[in-house]
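> Pasting in a structure now, in structure tokens, and then I'll have a few things to ask.
Any read-out appearing in this document is the output of simple, stated calculations on the displayed coordinates, not a laboratory observation. This structure is a prediction, so every number in the text was calculated from the model and none was measured. Positions of Cβ are backbone-derived with ideal geometry, glycine not excepted, and every protein chain shown enters the neighbour counts.
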Amino acid sequence: MPQLYTLHENEKKNQYMNRVLQLEKGSFVPLVFTTTGGMAPEAKRFIRRLAVLIATKTKEDYSQVMCNIRTRLSMDIMRSVLVAVRGVRGKAKKAWTAPIFNVSFNLIPEEKSYEG
């Protein structure tokens, strides 16, 4: 698993680092998470640093701030996984207009009848 995190961190660095440094004159930390809540090393360092800064600024306990950040991250990851699996539901957008019977999910054979 650590090699996978490193691979995806390097992929994000290759994709975004030059643009951020050259055009936006900023810094870049790739945040790589798994769908089960695992974090890459750089993401862990970023989350720790963020928790320290928030705890210092708000004079809150570090452990409470870290718990809040982890809880919010896990809920956001779960929400994004749910949207990826199930799709967006609600009245916000009506992007899908094709009737459901015209959609092929490759779950049912193309035959109209199951009889011999």
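> Average the reciprocal distances over every distinct pair of alpha-carbons in the stretch 26-68, invert the result, and give the Kirkwood radius in Å.
11.2
> Work out Dmax and Rg for the stretch 1-48 from the C-alpha atoms and quote the Rg first, both in angstrom.
Just the Cα atoms of the stretch 1-48 yield Rg and Dmax of 11.4, 34 Å.
> For the peptides 26-32, 82-88, what is the packing order when you average, over each peptide's residues, the other Cβ atoms within 10 Å and list the highest mean first?
Numbers: 26-32: 14.1, 82-88: 9.9.
Highest-to-lowest ranking by the protection proxy: 26-32, 82-88.
> Between Arg86 and Ile47, what is the label-to-label distance in nm when each label sits 7 Å out along the Cα-to-Cβ direction?
For the pair Arg86/Ile47, the computed spacing is 2.3 nm.
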